[in-house]
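Here is the structure we will look at, set down as structure tokens.
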Amino acid sequence: MRTLSATLLSLALVLVTPSVARADEAADESSASAVRQSGGLLDRSSQSREQMFSVFASPTWFLGFGIGVGARYTLPIVNEGFIPALNDSVELEFGGDASMGGWAGYSYTTFTPAAEARWTFHITDQFSAYGKLGLGWTFAFANDSTFGSTYGVGWLYWMAGPGVLYKLNDSIALRAEISNYGLRAGVGFAF
């Protein structure tokens, strides 16, 4: 009986293993094909990158709860990136953010001009992921109704964080970023 069970188990494994292996190979080919296509992560052909103008909205909580808006102009500076085996690129982004909010009798308004470096990895021809580092200066104006005072301050703005970009078509992309200043979502217009 034990020999019959072992034989049936062996036969079942022999019959099932090739179909499982074929299914795994098909899954590997379909998932790998997107990164091997033109514009994908493993595409080693010469690339040209578009300039982009993006607008963002974000909740703020750094100085109290509020809402922020921002704009960025993207200038590609290294189309082929730093890693020859990957489809990556480096861009500079210039722009600014404005926010307003407050709590319990305190309100604020900020404006931050900024310059940021972005290293982008083009995963597929539609989807990219990137990391950003930025510097700027924040101008903040506050009003404290409790003490009846208004004042302005400023400080060095620095940010770091990842982001993603999804192209809806050749000229419009959705963007999302998270950094030490929070989450932002926006839309970019390539030209």
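Details
- Residue check, Val187 at pLDDT below 95, over 10 Å from the mean Cα position of the chain (by Cα) and hydrophobic (A, V, I, L, M, F, W, C): no
- Residue within segment 124-134 that is touching a His at 6+ places or on another chain (Cβ under 6 Å), in the same structural domain as Glu93 (by TED's automatic domain parsing), buried (at least 16 other Cβ atoms within 10 Å of the Cβ) and not basic (Lys, Arg) present: yes
- If you filter segment 170-191 down to residues that are free of Cβ contacts under 8 Å to residues at least 40 places away in the same chain and assigned to a strand (DSSP E or B), you find that the one that is farthest from Phe53 (Cα to Cα) is Ile178.
- Number of residues in segment 144-179 that are farther than 24 Å from Phe127 by Cβ and either surrounded by fewer than 14 Cβ atoms within 10 Å (Cβ to Cβ) or not acidic (Asp, Glu) (or both) equals 14.
- Cβ-Cβ contacts under 7 Å between residues 6 or more apart (or on different chains), taken from a first residue in segment 85-103 that is under 19 Å from Ala185 (Cα atoms) to a second residue that is surrounded by fewer than 19 Cβ atoms within 10 Å (Cβ to Cβ) and among the polar types (S, T, N, Q), are listed as Met100/Thr109.
- Check on Arg36, at pLDDT below 95 and of a type in the set (Lys, Arg): yes
The values are calculated or read from the model by the stated rules, or taken from the named source; none is laboratory data. Since the model is a prediction, treat every value here as computed from it, not as a measurement. With ideal geometry, Cβ positions are generated from the backbone for all residues, glycine too; neighbour counts draw on all protein chains shown.
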